[in-house]
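Remarks on the structure that follows.
The values are calculated or read from the model by the stated rules, or taken from the named source; none is laboratory data. Remember, predicted model here, so these are calculated numbers, not experimental data. Every residue, glycine among them, receives a Cβ derived from its backbone with ideal geometry; neighbour counts consider all protein chains shown.
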């Protein structure tokens, strides 16, 4: 590639060549991909690649923060579950949502570094808030597919459980069905190792894969999180209703509890309750809050009971 009227300097030329190289790899390797300004896929990859340096810098400067969102029981249970969520802080301290940087982190193999940060900091916060831990059933931590095949992540979790003295039953790990499918044997080993210590597992976004029910019987998970794309339309779309019902029915038969995501209003919540879904999560239940703020709220609420 040579500099032309669309490339003003050597730095830009190298960036464009890098983007074209990534596209060639992604499209099957052993091929040539020509950079064109109007190429939308290259534009998308170039945007993602800019996140790589920002993510690395944020990791170096500790510019991530933990949020949490409540998971509410729909039956007579008094369980209190919370999912740990991640946000990035930009150079000015402004919150950046995960959807902006996680796709790039996964594509360019930075997601395990982020998972490690979340694991380390979650255990630190929970270890400093024993009263909160005693008052809840568990907190969920998301793990990427790359982390499920990373022995160092597994060793790190075991080490944090040991050093922090945290009851393993207070920790649940959320994994997606697509990440499990990509390496089923290693995922099963990862799951069984931590379950032996007392940790729980939830299968996230269930229903979005092509063979969801086919391999489910081989996975030892405690919770099925029903994909929010079906939950959102449950009150007015008969297909969504049927999918949610079938996932819940299968989960119950297999001894798993079900959690519906993207519960945005009382009508959806009521419908899920009628179907026998165990838990609900979404803006209609509670919005994500900074973890420390949520911890203080839960502790104060229990003090007034």
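Things worth noting here:
- Every residue from segment 82-97 that is buried (at least 16 other Cβ atoms within 10 Å of the Cβ) and free of Cβ contacts under 8 Å to residues at least 60 places away in the same chain: 86, 87, 88, 96
- Set side by side, the residues 253, 221, 277 differ, and just one is crowded, with 20+ Cβ neighbours inside 10 Å and either on the phi > 0 side of the Ramachandran plot or at pLDDT below 95 (or both), which is 221.
- Screening segment 162-187 for residues that are assigned to a helix (DSSP H, G or I) and at pLDDT 95 or above and picking the one that is nearest to residue 69 (Cα to Cα) gives 170.
- Among residues of segment 139-159, those that are touching a strand residue (DSSP E or B) at 6+ places or on another chain (Cβ under 9 Å) and at pLDDT 95 or above, counted: 6
- Residue within segment 103-110 that is outside any strand (DSSP E or B), touching a strand residue (DSSP E or B) at 6+ places or on another chain (Cβ under 8 Å) and without any contact (Cβ under 8 Å) to a residue 40 or more places away in the chain present: no
- Test: residue 19 is modelled with pLDDT of 90 or more and closer than 25 Å to residue 146 by Cα: no
- When the residues of segment 120-140 are filtered to those that are without any contact (Cβ under 8 Å) to a residue 60 or more places away in the chain and in contact with a helix residue (DSSP H, G or I) (Cβ under 6 Å, 6 or more places away or on another chain), the one that is surrounded by the most Cβ atoms within 10 Å (Cβ to Cβ) is 126.
- Checked across segment 59-79, the condition of being at negative phi, in a helix (DSSP H, G or I) and surrounded by 15 or more Cβ atoms within 10 Å (Cβ to Cβ) holds for at least one residue.
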